[in-house]
1. If you filter the stretch A:269-325 for GluC sites (Glu not before Pro), then keep DSSP loop positions with at most 11 other Cβ within 10 Å, what is left?
2. Counting only DSSP beta bridges with both residues in the protein assembly as shown, tell me the antiparallel percent, nearest 5.
3. Name the residues of the stretch A:50-67 whose amide N is less than 15 Å from a point 7 angstrom out from the Cα of residue A:139 along the C-beta direction?
4. Can you give the three extents of the C-alpha atoms in chain A along their principal axes, from longest to shortest, in whole Å?
5. Would you mind getting me the FRET efficiency between residue A:389 and residue A:262? Use the beta-carbon distance for r and R0 = 51 Å, nearest 0.05.
6. So what J values fall out for the stretch A:143-148 if you push phi through Karplus, 6.51 cos²θ - 1.76 cosθ + 1.60 with θ = phi - 60°, rounded to Hz, Gly and Pro as x?
7. Can you grab the distance from the C-alpha centre of the stretch A:17-40 to the C-alpha centre of the stretch B:370-400, Å, no decimals?
8. Mind giving me the FRET efficiency for residue A:22 and residue B:52? R0 is 45 Å, r the Cβ-Cβ distance, nearest 0.05 is fine.
Amino acid sequence: MGKEIPAEKSLNLIRGRLCDPSFIFRPLSASSDSNYSKLKFIVSTSITEGCNNSILLLGPRGSGKAAVLDLVVGDLLEQFPDSVSVIRLNGLLHSDDNCAFKEIARQLCMEHHLLFSKMASFDENSHFIIAMLRECGLAHKTIIFVLDEFDMFAQGKQRLLYSLLDAMQSVTSQAVVIGISSRLDADQLLEKRVRSRFSHRKILFLPPSRDELDGLLEHLLSLPADSSFPSGYVSRFNDKIKNITSDRRFKDILKTFFNAHSTVNSFLKFIFCAVSLMNLESGLLSLENFKAALSSMQRQPKLEAVRDCSVLELYLLVCMRRLEVKEQSSYNFISVMKEYKAIHDSFQTSDYYAQNVCIRGFEHLRERQVICYAENRGQSQTGEYRPMKLLISASELHQGMRSHACCPAILLKLLDH
Amino acid sequence: MPPKEESSKVTRRSTRSSASVTVENSEPIESHTPTIDDLTFGEESITIDAVLSNFPGRRSQIFDFIRLMGPLDCPTLPIMIYGGASTGKTSVVLQVLRHLNRPFVYSSCRTCYNPRILFESILNQLLLHRKCSLNGYSSAKRCDKPSDFVNLLREALSSVIKTLESTSGTSRSDKPDEKPMGKMVYLILDNVDLIRDWDKGTIILQFLFSLYTVLKMPQLGIILISGLPPDVYYSNMGYTDPIPLYFPEYSEEDLRQIFLRNQPNRKLYSAFLDVVLKPFCRVTRRVEELSTTFSLLFRKFCEPLDDLGISPNEDMKRRLYSHLKPLIAHCLNEIFRVSSHPHDGETRGERRQKASYSSENREELEILDFHMSTSAKFLLLSAFLASRNPATLDASTFDSTGGMDNRKRKRKASEKSMEKKEIAEQEAVMKGPGSFPLERLLAIFQCIASVGDSSFGEEDEEEENTTGYDKENNNLMSDILLQVSSLCDANFLIKSGSCPLEGSIRYRSMVSEDLAQKVAKSLSFPLSKYLYRR
C-alpha cells in the first residue's frame with residue numbers, strides 16, 4: 001500500500017492539471033504577443049479609459065479561447081476589484097431572447113445583491129438591464145459581457161445582440177462585449193444594423209507550435225519537488241519523463257498524432273489517456289502508455305462494426321456490395337434476398353436462412369449504422385421494399401472481413417468478383 | 001428493447017429505491033428520507049474479482065474503465081461508452097461503481113423521454129428528493145430548459161459536494177470496512193443515442209457534450225452510455241468529443257462462458273453448447289436472442305434424460321445430439337421460437353422416427369397462427385391480388401370460369417425480351433406492391449367471395465356456416481368498410497397517396513406472399529390460380 005499512494009497522488013495531480021484549463025494556458029500565454037496579452041490590453045484599456053468595446057475570439061474548437069478569456073477576466077478582477085463585473089451567456093443555453101434577458105437580469109441581480117423575480121417579463125428585464133447599464137456607467141463600473149457560442153446568438157432576429165450593442169452606443173454606459181465562436185466567419189452572420197455597431201476586432205486562435213507543445217508537455221508532466229511526495233519518487237518520475245520525451249519513438253508517436261489533431265484540447269485528451277494507463281505499482285509512465293493512448297485515439301468505427309457482425313450479416317453486406325458492383329443503383333431487401341438466393345444456388349453454401357432471420361440481420365445492421373434507408377420519404381412502404389444503401393466503402397468492408405474472427409473464405413472470394 | 005440479461009447470468013441491477021427501502025412494503029407512507037449514502041449503489045460493495053467473474057469476456061473493458069475513472073477524487077474528462085445492444089455496458093458501469101463505492105446519479109434517456117423529465121430526474125437525485133404521496137409525486141424543482149438546468153445543477157452539486165466533504169472528514173464508525181466515498185459525484189446518462197430522435201435533439205446532445213466545459217466543476221465526472229458509435233453524433237457545430245470506450249460483441253468463447261454461468265449441471269450444458277453454439281453464432285451473436293432460443297432448446301435436449309444431474313459420456317452425448325440435430329436446422333430459421341407442441345412429447349418422438357420431419361414442419365408452417373373472420377380473410381386476399389396483379393388483367397382473371405388460364409403459349413423468348421423481362425422484374429421489385437382504389441378492392445372481393453362461397457358449399461362443411469354466410473352477403477357492405485379500416489389498423493393495408501385528379505384514396509397491400517398463402521390455405525382458396533406471374 002505504501003507504494004501505491006504516491007502513484008495515486010501523482011496521478012491525481014496530473015489529471016487535475018489536465019482538467020484545469022487555466023493551468024494549461026498560463027504558460028502558453030506567457031509571451032508578450034500571445035492572444036492573452038492582446039486581449040488583456042484591449043479590455044484593460046477599455047476599463048481604464050471608460051469606453052465601450054467589442055471583440056470576437058475566433059478559432060477551432062478546443063484551442064483555448066474560453067480558457068484564455070477566463071485567465072484575462074481573472075486577472076482583471078484582481079487588478080480592478082470594484083470596477084468590473086462579468087456577465088456570462090452561452091449560445092447553446094440562451095439563444096432564445098427571453099432566456100437571455102432573464103439570465104442577464106439574474107446575473108446582474110446576483111452581482112449587486114438585488115432580489116431577482118423569476119416572473120419578470122421580457123420588457124421588465126430589458127428595462128432593468130438598460131437602467132443597470134446606465135447606472136454602472138455613471139458609477140464608472142465596466143460590465144463585461146461574455147457571449148460563448150456567439151454564432152448561436154446570431155441566428156434568428158439577433159435581438160439580444162442589437163440591444164446590447166445599441167445600449168453601448170449611448171454615452172453613459174461602459175460595457176465590453178466579447179464573443180467567442182468556433183466559426184471563423186461569425187461576424188459575417190451579423191445583420192447590417194448589428195454589424196455597423198460592432199467594432200471589427202478579431203483575435204484568431206491558431207494551433208500552437210511544436211515548441212510550445214513540448215514545453216507544455218514538460219510543464220504538465222513534471223512533478224513538483226515538494227514534501228508531499230517521497231523524494232526519490234519525484235526525481236525518478238521526472239527522469240523517466242525526460243527519457244521518454246527524448247526518445248525518437250516518442251517523437252514519432254507525437255508526429256503521427258499531430259498529423260491528425262492540431263488543437264490543444266485533443267493533445268490534452270491524448271495525454272489524459274496515456275496518464276490514466278499509468279502503472280500504479282511502479283508509479284512511472286512508460287512509452288507503452290503513450291502508444292496505447294495513440295491507438296485508442298485512432299479508432300476505426302466502421303471496421304469495428306463490421307468485425308462485430310455475424311456471418312449472416314456479412315453475407316447480406318456482400319450481397320449488397322455485389323449488387324452495387326453490378327451497377328444496380330438502387331436495391332431493397334427483396335433484391336438483396338434474390339442475390340442471396342442466387343449465391344446459395346451457385347455455391348451451395350451452408351448458410352442459407354429464412355427470410356425473417358435475414359430481416360432480423362438487416363435490422364441489426366441498420367442499428368449499427370452500417371446500412372440505412374436511402375431516402376426518408378418512402379415511409380408508406382414496409383421496410384422490405386424501401387431502397388437501402390451501404391454506409392461503408394468497399395475497402396472498409398474488405399478490411400473488416402479480413403480481420404473478422406470467423407469470416408468464411410467464400411465471402412472474400414465473392415467480394416472480389 | 002432495453003438489453004435484458006437473464007438473472008441467472010449476471011447479478012441484476014437493483015434500482016436505487018428498492019435498494020434503500022428498508023421498511024415493509026405494507027406501510028403506505030415511507031419513513032425513509034434519502035441521505036447522501038443513497039447516492040452510492042446501496043448494496044454491499046464487491047471485490048474486483050467478483051466484478052470480473054460476473055462479466056466474462058469484459059476483462060479489458062472493466063480495467064480500462066476503472067483506469068479512466070482513476071483513483072479516489074481524481075478529476076476526469078467526460079467518457080463515452082459505446083457498443084451494440086446487450087453487450088453489458090450499463091451493467092458493467094453500475095457494478096464497477098458499486099465496487100468503487102462512489103456516489104453517482106443515474107438517468108436513462110429511455111425512461112426519461114424528454115428533456116424536462118431527464119433534467120428533473122437528475123436534480124431529484126442530487127437534491128435527495130423522493131417523489132411520494134406527501135409532496136404529491138412532484139419533483140423538487142421545475143426545470144425544462146438547459147439554462148435553468150445548468151444553474152440548478154450547479155447549486156445542487158455544490159451542496160452535495162459540501163456534504164461529501166464534511167462526511168469524508170469524519171470517520172464512518174458504522175461501516176469501517178467500506179471504501180471511502182470520496183468527494184466526486186458521477187453523472188451517468190444511459191441510452192444517449194435516443195436523444196437524436198427527440199424534439200430539438202441535436203441541441204440537447206450538443207448541450208450534454210459541452211456540459212463539462214459549461215459547468216467548470218472538476219468534482220463532477222460525466223459518463224455517457226450510447227448504443228451507437230460516436231461518429232453519429234458529429235454535427236456541423238462540432239464539439240470536443242468525450243473519451244471513447246468500446247464494448248465489442250462477445251466472441252464465441254465468451255458466449256460459452258456466459259451461458260455456462262449458473263447452470264446446475266455444467267458438463268451437460270457444455271455438451272449442449274458444443275452442438276448448438278457454433279451454428280447459432282453464425283446467425284447472431286447477441287446474448288438476448290441466443291438465450292431465448294437456447295433455453296427452449298436445452299429443454300428439448302434434456303428430454304430423453306431421466307436424471308438431469310448426470311454428466312454424460314460419449315455414448316450418451318451422441319444419442320442426445322442425434323435427438324436434437326433435426327430441431328437445430330429448423331430453429332435456425334426461426335426467431336425467438338422453437339416450434340414444438342410441448343405436450344405431445346412421445347408422439348413427436350414417434351413421428352420423428354418416421355423421417356417425415358421436413359414435410360410435417362412445412363404443414364406446421366402453413367397454419368395461420370392468429371384468428372381472422374372469413375370476410376377479413378377474403379378481403380386480405382383480394383387486397384393481395386389487387387396489389388400484385390395489374391389492373392388490366394382483372395376482367396380475364398375474375399371471369400365466371402374462375403381462375404386464370406395459365407397455359408401460356410410457348411414462344412421462344414428472344415434475348416431482348418428476356419432482358420426487358422429482367423428489367424421489368426427489377427423495377428417491380430423496387431417499386432413494391434402496387435396501389436389500387438377502394439372500388440377495385442371491393443370488386444375483386446365480390447368475385448372471389450362468391451367463388452369461395454360456392455366452394456364452401458361443395459366441400460360440404462357445417463351447414464350453418466354456409467347459410468349464415470349467405471344471409472350476411474346481403475348486408476356485407478357496411479361490414480366490409482369496417483373490415484377495411486381494421487385491416488388498415490393491423491397494417492395489412494396501408495393508405496398510399498391519392499390520385500390528385502380523381503381524389504379517391506388508394507390502398508396498398510403489405511402482406512407477404514407467405515402470409516397470403518397461409519390465409520388462402522385456411523380458406524381452401526386456390527390463390528395460385530389467380531396470381532399473375534410474369
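1. Details: sites: A:281, A:288, A:304, A:313, A:324; in loops: A:281.
Listed in order of number, the matching sites are A:281.
2. On the way: 11 of 52 bridges.
Close to 20 percent.
3. What the label zone holds, given the 15 Å backbone N cut-off, is no residue at all.
4. 89, 66, 37
5. On the way: r = 33 Å, r/R0 = 0.64.
Step by step, r from the Cβ atoms, then E = 0.95.
6. 9, 9, 9, 9, 10, 6
7. The two parts, judged by their Cα centres, are 77 Å apart.
8. Working: r = 39 Å, r/R0 = 0.87.
Given R0 = 45 Å and the Cβ-Cβ separation, E is 0.70.
The values are calculated or read from the model by the stated rules, or taken from the named source; none is laboratory data. Note that the structure is predicted; figures quoted are calculated from it, not measured. Ideal geometry is used to build each Cβ from the backbone, glycine not excepted, and the neighbour counts take in all protein chains shown. Accessible surface is based on the protein model in full, side chains and every heavy atom, while ligands, DNA and RNA are left aside. Shrake-Rupley method; radii C 1.70, N 1.55, O 1.52, S 1.80 Å.
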